1. Taking 8 Å as the Cα distance limit and 6 or more residues as the minimum spacing, I'd like the relative contact order of the stretch B:25-90 as a percentage.
2. Sort A:T115, B:T69 by Cβ crowding within 10 Å, fewest neighbours at the top.
3. For a Förster distance of 22 Å, can you work out the FRET efficiency between the beta-carbons of A:E85 and A:E42, rounded to the nearest 0.05?
4. Of the residues A:G28, A:G71, A:G40, which exhibits the maximal mean-square fluctuation in a Gaussian network model of chain A defined by a 10 Å Cα contact cut-off?
5. Per 0.36 nm of contour for each residue apart, how much would the distance between A:L66 and A:T115 grow if the chain were fully extended, relative to their Cα-Cα spacing?
6. Tell me, what is a quarter of the convex hull surface for the C-alpha atoms of the protein assembly as shown, in nm² with one decimal?
7. Given H placed on each backbone N at 1.01 Å, which residues far from A:N31 in sequence or on other chains put an amide H within less than 5 Å of it?
8. With just the Cα atoms of the stretch B:1-85, tell me how far they stretch along each of the three principal axes, in Å, largest first.
Amino acid sequence: EAGVTQFPSHSVIEKGQTVTLRCDPISGHDNLYWYRRVMGKEIKFLLHFVKESKQDESGMPNNRFLAERTGGTYSTLKVQPAELEDSGVYFCASSQVRGATGGQYFGPGTRLTVT
Amino acid sequence: GESVGLHLPTLSVQEGDNSIINCAYSNSASDYFIWYKQESGKGPQFIIDIRSNMDKRQGQRVTVLLNKTVKHLSLQIAATQPGDSAVYFCAENINSGGGADGLTFGKGTHLIIQP
């Protein structure tokens, strides 16, 4: 079974540009989460999808960030316009059942560098 | 890959020794706790979890202890191996009663196994 995949693995953009990150969850997982870790800080929750619906977006830092999950399969996270403080590693995770034990399965992350 | 040396606490142990990694959590309402392992360039990988109605749970070479009185969680790794070198994160959430699914992560501890 393929795990959570993320694309690209690394992105370098200039301040003010737009970047779109993609996450493909494990097949059959209705729950999809986005997290990020900025330099020197903890991994922080951004938002949670159940299928195509946003269940919780309390962690989204501001309106420069837009997450979508059309069709309830893969998800994209767009940052527009990117700022220097957006640099960090963006993780996607998925789980089959909400509230299930066994944790959330994480992808390898996308390292975003804004210059 | 992502640097694991981002001002993280470091624990250095000899190969074959036991290691104990500690974590303090702040939300007394949290009822589900997870330990993740993150190797360089990879996403967090599930190790073991525990619900708040338990104070100890054992896996293969790992044991998690939960002390709700002082809001403390620990991960014990027996007979450490070189492959155990990684950053270890504790995470928590409110898993029951429709609570938020987003995980709250601790800062992480960098475990180094000395040959």
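Derivation of every value follows stated rules applied to the coordinates shown; laboratory data play no part. Keep in mind it's a predicted model, so treat the numbers as computed, not measured. In this analysis, Cβ positions are derived from the backbone assuming ideal geometry, glycine residues included, and neighbour counts consider all displayed protein chains.
1. Details: 104 pairs, mean separation 21.9, N = 66.
Reported relative contact order: 33 percent.
2. Details: A:T115 10, B:T69 7.
Placing the least packed residue first, the sequence is B:T69, A:T115.
3. Details: r = 15 Å, r/R0 = 0.70.
Given R0 = 22 Å and the Cβ-Cβ separation, E is 0.90.
4. A:G40
5. Working: separation 49, 0.36 × 49 = 17.64 nm, distance 2.05 nm.
Extra length from A:L66 to A:T115 when fully extended: 15.6 nm.
6. Working: hull surface 49.6 nm².
Its average projected convex-hull area is 12.4 nm².
7. A:K51, A:S95
8. Its Cα atoms span 34, 26, 19 Å along the three principal axes.
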